[in-house]
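Asker: Following this message is one structure expressed as structure tokens.
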Amino acid sequence: MILNRKIKTFTFIMLASLASTLHCYATPTDKFLFILDASNSMWAQIQGRAKIDIAKNVLVDIVSELPAKASVGLAAYGHQSHHGKRDCTDIALLADYATIDQSKFMKIISSIQPKGQTPIAATLLESANWVQSNDSEQEKSTIVLITDGIESCEGDPCASAKHLAESGVDLALHVVGFDLTDEQQQAVKCISDIGGGQYVDARSASELQLALTQVTQSVEVEKTSDLYFEDDFVGEDLMSDWSVINGDDELYIVEDDELLLIGSTLQSFSNPDASNIFTLDKELPKGDWDINLDLKIKMQTGTDMFEIGLFKDHENHLAVQYYLDLGDWCKRIAATFNKFSKGKPTSSTQLISANSGHCGSKVNPDTQRMIDTHINDGFRLTFSKRGREYSTLIVLNGISIEGQPLSFQSDILTSLRSPGNPAFLAGQFREVGGETLVHIDRFEIISISN
């Protein structure tokens, strides 16, 4: 078995770019303080856009998705004095804690112009005063520092974080590093470590959006996560909730507390001839949810693929294809997120790991080890809905970084309507012959409501 069956509702909510999780740090709260780096370096560009513009837009989007009752504050540093003045007191609380007024928040954040230094230590000390003065109801506060650099004013951010953590206020302090070097990351991780939060890294607009979404939404998940549906594949047949489209019972069986699949042809949700598409005949919970699937894949063809998502028909579905491409010169793991609407596709492919530069830019000498863990230790696929945004998380059980399983997050795709029911299939992404063997240990749906 891949997971201990006593752990029935354990939910992975991780930011894959760091193989780390915010979930274990989450505690229910509706009180947020965002601290934005507005130092001169935020004018640097990523993919043709200034980092400050990316951060502003993402922050506005994130705040708009918070619960209406949330109390939100906004602070910044480096936005008032020119860099040459070396003003290390350039710190301000721009919006005190209050329920969200979107137009007011947009006006405040649009006025921020990067100019000066990076006084992180002093800002954290000041934030203790801001939080304490608004702590009349003894609510837990979530503080999120977004920075593209390290301390530039000779302060000690680690000591300031310690002071904040010992201030008597119930809080979690997260750090989102925006395009930091490895050395810079190490310099600021102590802040979140001491502050009871997590450090997450972002190197693009989409990664910053994902990082901040995970920070804020992880706060809500722990108090509102409920097991909605589960199947441990006990017995000798599928539960009555399942249907199999183009079923071939010679290629699947329920035994030994798992669903065993054989994929021997070119398969995908968009292929009208695809066989053994397993669909769940059950309405999804209202609001947000996670679909978790625990499985192992034995790679025998070199083009082995597993697809999971929402399926209505071959022209309307939203799913991720997770595949292992084992060529002679290139061994790689990749995921393609597809949305088909009336036959028109939108897709995004993420190269997760490769053993050679011939495969792409993400060369990893441990690629073969990662491939081996898919059958030896198994992995978890999580297909998630947050609002109208859908994403996928892959967690490898056999490889850990800093005590957490190695994980990877897909890009986000948006769908205004839920395109079908939960579904999955196994097979190959190229016609090569041979068989892909898949062991599915558990399928579950976790309902997540505000």
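The values are calculated or read from the model by the stated rules, or taken from the named source; none is laboratory data. Since the structure is predicted, the reported quantities are computational estimates derived from the model, not experimental observations. Please note: Cβ atoms are built from the backbone with ideal geometry, for glycine as well, and neighbour counts cover all protein chains shown. Surface areas here come from the heavy atoms of the whole protein model, side chains and all, with no ligands, DNA or RNA. Shrake-Rupley method; radii C 1.70, N 1.55, O 1.52, S 1.80 Å.
Asker: Being assigned to a strand (DSSP E or B), under 19 Å from residue 264 (Cβ atoms) and not aliphatic (A, V, I, L, M) is the filter here, so list the residues in region 301-331 that pass it.
Answerer: Once the filter is applied, which keeps residues that are assigned to a strand (DSSP E or B), under 19 Å from residue 264 (Cβ atoms) and not aliphatic (A, V, I, L, M), region 301-331 yields 303, 304, 306, 307, 321, 322, 323, 325.
Asker: Counting only residues that are buried (at least 20 other Cβ atoms within 10 Å of the Cβ), at negative phi and assigned to a loop (DSSP other than H, G, I, E, B), how many does region 276-300 have?
Answerer: Adding up the residues that qualify gives 0.
Asker: If the requirement is being buried (at least 20 other Cβ atoms within 10 Å of the Cβ), touching a residue at least 12 places away in the same chain (Cβ under 8 Å) and on the phi < 0 side of the Ramachandran plot, which of these qualifies: 100, 91?
Answerer: Going through 100, 91 in turn, just one is buried (at least 20 other Cβ atoms within 10 Å of the Cβ), touching a residue at least 12 places away in the same chain (Cβ under 8 Å) and on the phi < 0 side of the Ramachandran plot: 91.
Asker: Would you check if residue 400 is at pLDDT below 80, in a strand (DSSP E or B) and either over 23 Å from residue 448 (Cβ atoms) or touching an Asp or Glu at 6+ places or on another chain (Cβ under 8 Å) (or both)?
Answerer: Against the criterion (at pLDDT below 80, in a strand (DSSP E or B) and either over 23 Å from residue 448 (Cβ atoms) or touching an Asp or Glu at 6+ places or on another chain (Cβ under 8 Å) (or both)), residue 400 qualifies.
Asker: Identify, from the list 238, 251, the residue that is closer than 30 Å to residue 369 by Cβ, without any contact (Cβ under 8 Å) to a residue 60 or more places away in the chain and open to solvent by 10 Å² or more (accessible area, probe 1.4 Å).
Answerer: 251
Asker: Do the conditions hold for residue 415, that is, is it modelled with pLDDT of 80 or more and closer than 20 Å to residue 305 by Cα?
Answerer: no
Asker: Does residue 417 fit the bill of being open to solvent by 60 Å² or more (accessible area, probe 1.4 Å), closer than 22 Å to residue 251 by Cα and in a loop (DSSP other than H, G, I, E, B)?
Answerer: no
Asker: Would you point out the residue of region 143-190, among those that are β-branched (Val, Ile, Thr) and open to solvent by less than 40 Å² (accessible area, probe 1.4 Å), that is nearest to the chain's Cα centre (by Cα)?
Answerer: 176
Asker: Right, something else. Going through 440, 394 one at a time, which residue ends up being over 14 Å from the mean Cα position of the chain (by Cα), under 24 Å from residue 227 (Cα atoms) and open to solvent by less than 10 Å² (accessible area, probe 1.4 Å)?
Answerer: Selected residue: 440, the only one of 440, 394 that is over 14 Å from the mean Cα position of the chain (by Cα), under 24 Å from residue 227 (Cα atoms) and open to solvent by less than 10 Å² (accessible area, probe 1.4 Å).
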